[in-house]
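Reviewing the structure listed below.
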Amino acid sequence: MSNELSAAGEADLGEAMPEVLRVWRDGEVAVFEIDNPPVNATSQSVRRALLDAVQRAQSEPETKALVICGAGRTFTAGGDISEFGKPPREPHLPDVINRIEESAKPVVVAWHGTALGGGCEIGLGAHKRIIAKDGLVGLPEVKLGLLPGAGGTQRLPRLIGPVAALDLIATGRMVGAEEALRLGLVDAIARDDLRAEAIELARGLIGQMQPRLSLRNTPAAEPEAWQAMVDKVNREARGRMAPQRAIELVSQSLTLPFSIGQPNERRAFFELMNSEQSRGLRHLFLAEREAGKRPELAGVTPRDVRQVGVIGAGTMGSGIAVAFLDAGYKVMLIEADDAALQAGLDRVNGLYLRSIRSGRIDENTRLARLANLAPTTEMGRLAACDLVIEAIFEDMGVKLELMKKLAGLLSASTLIATNTSYLDLEPMADALPAPERFLGLHFFSPAHVMKLLEIVRARRTSHEALATALAIGRKLKKIAVISGVCEGFIGNRILAKFRAQCEFMLEEGALPREIDAAMEAFGLAMGPFAVQDLAGLDIAWARRKRLAATRDPNERDVPIVDRLCELGRFGQKAGKGWYTYENGRRVPDPAVESLVRAHATATGRRQRSFSAQEIQNRVLTAMVNEGAKIVGEGIAARPADVDLVLVNGYGFPNWRGGPMHHADMLGLAKIVVIAEETAARDGQAFSVAPLLKELVASQGSFAALNGG
Ligand code: 3H9
C-alpha cells in the first residue's frame, strides 16, 4: 500500500518553485519520483530536492530502501541545457550522485523512456538498475560537445568495461533494454510493471551491504580491442574535442582512483562547456527545437496525411518514397510507363537491400514496408492521396504540364508539393485551382537518409498546409526548415555563392586541391571540387548550358567546368574530373592544374597565392553574407534556420554551429571587413548584405535575431 509522504522542490532562495520530486512510501521502500516537465532535466531544484530526500531517508527508521523513478514520458534527459554556460548552482549533480551511492540503504533506479546523461549517471550511482522494456539509456553529452560530468566516465567503465564504455561515451548512442542487459548496464528488464518491480528489487536488497561502483576497479581491457576502439574514436572525431577527451578519461578509470578521476572529469566537463564546439552544438540543439515554432502557426491543426503519392521514380522519387514508407505512410509511386516504373521499383528494392546488409532493418521489416507501396502508371489513382509530391525532371515546362494534369485529377483536399531545388513555385501555383494547398518539399539526396527537409512556402500557401508539412517533417524524423521562394531557396542559394567564390579564387591563383584542403581542414567532410566530382560535373554543365541564354553577360562567370566536361572529365564516375581517380583515390592532376592556371592568366587578373585561412575566410564570408540577405529578405525566419540548413544538408561542420553562429563567434565586424574587400574587388559579383552592415553598426549579432 502506498502512502504519500511529501512533495519537495523548495528553492534555496525562498522563490516559489514547482514541486519537482514526489515522495511516497510503499511499505519499507521510499519512492522518489522526479517530476520536472517536459523531460525531467536535473535542474537545480531537482538536485536539491533529490539530495534532501536521500539524506532525510537515511535517518527515517521506517525507510529501509529507496527507489528513484521519473514521472511522465521519460526518466530524465539529464543535465538542464538551459543552465549550461551559466555559473553552476549547488548542489552539483556529482555530489548528489555520490550521496546516493553512499546511502546506507539500498537505492534502485527505475529507468523508463530515456535515461540520458545525468539521468544515466544517477543510475550508475544507485546500487541496482532496472529498465522498462522499451526504455533507452545513454550518455549523449558528446553530441553537445561535452562529456558526462557527474561521474559517468569513471563509473561506466567500472561497470561494463572500458571498451564498451568508451564506445557509448564517444558515440553518445542510446542503447535499448536488451543491449543494456547484455552489456551489464542494467540488472533487470521489467517484465510488466516497472515501478512495482523496482520496489520489489529494492525490498530484496534490504539489510544487505551495497557495493559502490566508485570503489570497484575497472576490469582490464583486451589490449587489441581497446586499441581498436581508440583508433575508431580518433578516426570518427574529425576535429571534435569531446570524443578525444573521452579516451583520456576512460583510460584514467583504468589507472587512477575514482577520487582523482572524478575531479579530472569535472574539469574536462567545464573546459568543454566553455568551448566554441560545445556552444555551436548547443546552439544547433536549441535551433532544431525552435525551427518548427512559428507564431502564425500557433493553434493551426495539421491535416491528417496517410496516403502519399510520389510522381517520378528516379533517384529522388524513389528515395522520397522510401522515406515515407519508413515512417509508416502508404505510398503510391507513379511513373510514365512500365519500364520506368520497374526501374524505380528496382531502386526502392536496392535501397532496402542495402539497409538489410548494413543491419538497419531485417527481412520482415522490408516486406512490411513494401506492403505499403503501390506502384502504378495510372495517374488517376492519385485521387486517393492526401499528399502528392512531384519529383520529375527539373524543367519548368514539364512541371507546368504536370500541374495542369493534377489540377483536373486531385480532390479538393489534396496537398500538392514540388521537390524542385531551384525553380520558382509561383507559376506552378498559378496552374492549380487551389494554390493555398501547394508548397515545396525539398528533400536532399539520398532522401531516406538526409536529415534536412526544406519546406518552401509559396506566396499563397496556407497556414494549414505549412503546419501539415511541419508535422510530416517530424514524422519523417527530418529537420524541417521553412524557406520562402527564391532561386535555390536557403541551401542551394548559399551553395551557389560558396561555389562561385571558390571558382573566383581559381581565377586569382588558387588551385582546386588548395581550396579543398583548406575547406576540409575547416571541417567539411569533402572540399567543394571533390564534391562536384562525386556528384558528376555533367549535371552542372547541363544546367549551365540551359541557363546560358539568359545569363547576364555582366555577371562574373568562370567557365572552367565547361572545359573539363568538353574533355569528358565528368567526375568520379568517369575516373577524372577536377581530380584523377586511381583505384577510387583522388589525385591532383597536373593537366587540370595547367588548364586552371592558363584560364586564370587569360582573365588578366592579378595572380597570387592563398593561405588556408584566407580561403576559409572568403568562403565563410560569402556564405554568411548570402545568409544575411536571406534573413533580411524574410526567406528564412531566423539566422539559426540558415545554420540548420547548412549543417544538415551541406556538410557544414556541426561543431561550428553553422555559418551564422560561427560568424557571431568570429565577430561580425571581421566578416564585414572581408565582405567589403570582396565587394570592392568584385562589385558585380558581390554586394554586402544590408543586414550585416546594420548588425555591425548596432553592435548586434545574429544570435539576437534568433529569439526563442
Ligand atoms: C548532461 O546530462 C550533463 C551531465 O553529464 C552532467 C551534468 C553535471 N535540458 O527534443 P524534444 C527540452 S548533458 C533542458 O523536442 P523529444 C527541449 O528543449 C544533457 N531541456 O523532445 C524541448 O523544449 P521545448 C545530456 C531539455 O521527445 C523539450 O524538452 N542529455 C533537455 O523529441 C522536448 O524535447 C541530452 O543531451 C535537457 N537536457 O526528445 C539529451 N532535453 O518543448 C537531450 C530536452 O521548449 N535531449 N529538453 O522545445 C534529447 O535528446 C531529447 O530532448 C529527448 C526527447 C530524447 C530527451
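Note on region 305-483: dipole from Cβ charges, positive end direction compared against LEU425, ALA412, SER462; the farthest Cα belongs to SER462. Kirkwood's formula applied to the C-alpha pairs of the chain gives a hydrodynamic radius of 28.3 angstrom. Computing FRET efficiency as 1/(1 + (r/R0)^6) for ALA368 and GLU676, where r is the C-beta to C-beta distance and R0 is 56 Å, gives about 0.45. Against the chain, whose longest principal axis is taken from its Cα atoms, helix 223-237 shows a tilt of about 50°.
The length gained by stretching the chain between GLU614 and ALA549 to full extension, at 0.36 nm per residue less their Cα-Cα distance, is 20.0 nm.
When you filter the chymotrypsin sites (Phe, Trp or Tyr not before Pro) in region 345-429 for DSSP loop state and at most 11 other Cβ atoms inside 10 Å of their Cβ, you are left with PHE393.
Across the options VAL250, ALA71, ILE81, the greatest Cα extent toward the positive end of the charge dipole of region 7-273 (unit charges at beta carbon of Lys, Arg, Asp, Glu) belongs to VAL250. Count of lysine pairs in region 305-483 with Cα atoms under 26 Å apart, counting only pairs 8 or more residues apart in sequence or on different chains? Number of lysine pairs found: 12.
Helix 639-650 and the longest principal axis of the Cα set of the chain meet at an angle near 80°. In region 305-483, Cα pairs under 8 Å separated by at least six residues give a relative contact order of 22 percent. For the chain, a simple Cβ point-charge model (Lys and Arg +1, Asp and Glu -1, everything else neutral) yields a dipole of about 660 debye relative to the Cα centre.
Summing charges over neighbours of ASP167, with a neighbour being any other residue whose Cβ is under 10 Å away from its Cβ, gives +2 when K and R count +1 and D and E count -1. For the chain, the longest principal axis of the C-alpha atoms and the axis of helix 612-632 are separated by about 90°.
In order along region 368-376, phi translates into HN-Hα couplings of 5, 5, 5, 5, 8, 9, 10, x, 7 Hz, rounded to whole numbers, per the Karplus curve 6.51 cos²θ - 1.76 cosθ + 1.60 with θ = phi - 60° and x for Gly and Pro.
Restricting region 545-574 to trypsin sites (Lys or Arg not before Pro) that sit in a DSSP loop and have at most 11 other Cβ atoms within 10 Å of their own Cβ leaves ARG551. When LEU21, LEU194 are sorted by how many other C-beta atoms sit within 10 angstrom of their C-beta, beginning with the fewest, the order is LEU194, LEU21. With neighbours defined as other Cβ atoms within 10 Å of a residue's Cβ, the residues SER355, SER59 order from fewest to most as SER59, SER355. Here r is the Cβ-Cβ distance between GLU426 and MET450 and R0 is 35 Å; the resulting FRET efficiency, rounded to 0.05, is 0.85. Counted by neighbouring Cβ atoms within 10 Å, the residues GLU633, GLU200 run from fewest to most as GLU633, GLU200.
The residue list MET229, PRO61, HIS92 was ranked by how far each Cα lies along the charge dipole of the chain toward its positive end, using unit charges on Cβ atoms, and MET229 comes out on top. The GLU83 and ASP338 beta-carbon pair, evaluated with R₀ = 56 Å, returns a calculated FRET efficiency of approximately 0.40.
Read-outs throughout are calculated quantities, based only on the coordinates presented, and are distinct from any laboratory measurement. The shown structure was predicted, so the numbers you read here are calculated from the model rather than taken from an experiment. Quick reminder, even Gly has a Cβ in these numbers, built from the backbone with ideal geometry, and neighbours come from all protein chains shown.
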